[in-house]
Every structure is written in C-alpha cells, then in structure tokens.
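I have placed the structure first, in the form of structure tokens, so that the comments after it can refer back to it.
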Amino acid sequence: MQTTARPFPAVPIALAATLLAAFLVLFSPLAASAHDALVSSSPEADSTVETLPSELTLTFSAKLITGDGATEVVVTDADGNSVTDGEPTVDGAIVTQPLKAEAAAGEYHVIWKVVSSDGHPTSEEFFFTVSTGSVSTPTPAATPTTAPATAAPSPDSTATPDATATPAPDAGASSGASAWIWALSIGGIVVIAALMVWYSVRARRNASGTDSDPSTGR
C-alpha cells in the first residue's frame, strides 16, 4: 500500500510568523512609545508669568517610579544661576520642585529627568519668562555725620551660586539599548520567516518525489 506524504500547509506557517512578529514589536521591553510623557507644567512651556512662583509643578501621563536619584529638576535664570530650593517631591504622576523666593526678571530654563512607569529614564527641557523681578534692594541705614565711613564688605562674604546644583540629565541615556533591542527583534523575525519558507519548499519537494515513485507492493 502506497503512502503519500502531505506537505505542511504554508498558510498556518505565515500566520504563526505574523503573530510572532506582532508580539515582538508590541511587547518589546524597550518600545519607545512606552515612556511616560509630560502632560502639563506650571509655569507652562514658552509662557510668561509676572513673578517667579514659589514652586514648579510637572504633571505626567502615568505614575512615576521614585527612588534615590530617580527624579531631577534643574531651573536656572538667564545668567545660569540655579533658582531651585531643595529637592523635588513626587506624588504619583506629579513632580513639585520648590523655587527661591527672590528672582530676577528674564528667561528661565527648566531641565527635568524622571523614571517612567516602564522603568526607563526620560528627560526634556523647556523655557518660560518672568516679566517682573522680585529681588529686593536693601535700603542703606542713615549714619551720623560724625561716624567713620563704613568699611567695604569683604569679598569672602559675597554670596556664590550653589556649587552642588544637580547637573543637567542626559536626554539620550537609553537610546543605544533601544536600538539593539529593535535590531535583534527584526533579525529574529527575518530568520524565522526564512526557516518557515525553507520548510514549506522542502515539504512540497518530498511530496512530489513520493508521488512519482512506482508502487512496489500489491
């Protein structure tokens, strides 16, 4: 009795390869679209406020991951001096950064870095403008005419900018790792598709060879 080998259907193979490709793309741990985004801020980007507020708030699209060094906010004036006052706090998806009470008018630069809910850091920057400065000018006290002239203040007593201000975060920290994951995913899809095509062609050739052999048993 002659038996004929049937080739494995090509349609299920193609369907399986398509489903595998979709899984790799949608559930890749470093998919760029998974990062949380900044929804709003106060002050808003490119806006003008009368005076510098007491705090800067950033609202994101999802709850952020907290931890030592996970959240960084740098706010500087037009001269590059930091106006942050303490460390930022995170409440779910909202970051609050206290600011100094006195600040000059001009353009302010905000740089922030957070850790998204997918576990990967993301950072951006924007600017806003303060129209009216809030820096107070002390009024010199009246001195008696017989009193000696007041000595000039020592250079050592001049206030200096905070030397421990947090450096600006690197916006491209995870771009290299993302590129490698995408390259490996695409390579895996190509290899699987090639194996499926080779298996289908081989099965068809085996079936054609079996059908052409004469029957040897009756």
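Scanning segment 79-97 for residues that are farther than 19 Å from Leu38 by Cβ and assigned to a strand (DSSP E or B) turns up just one, Ser82. Thr96 - would you say it is touching a residue at least 40 places away in the same chain (Cβ under 8 Å), hydroxyl-bearing (Ser, Thr, Tyr) and either surrounded by fewer than 16 Cβ atoms within 10 Å (Cβ to Cβ) or touching a Ser or Thr at 6+ places or on another chain (Cβ under 8 Å) (or both)? Here the answer is yes, as Thr96 does meet what is asked. Of all residues in segment 113-132, those that are of a type in the set (Ser, Thr, Tyr) and assigned to a strand (DSSP E or B) total 3.
Let's see how each residue does on (1) at pLDDT below 95; (2) assigned to a loop (DSSP other than H, G, I, E, B):
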{"position": "Ala16", "(1), (2)": "yes, no"}
{"position": "Asp36", "(1), (2)": "yes, yes"}
{"position": "Val39", "(1), (2)": "no, no"}
{"position": "His109", "(1), (2)": "no, no"}
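The values are calculated or read from the model by the stated rules, or taken from the named source; none is laboratory data. Keep in mind that this is a model prediction, so the values were computed, not measured. Backbone-built Cβ (ideal geometry, glycine too); neighbour counts: all protein chains shown.
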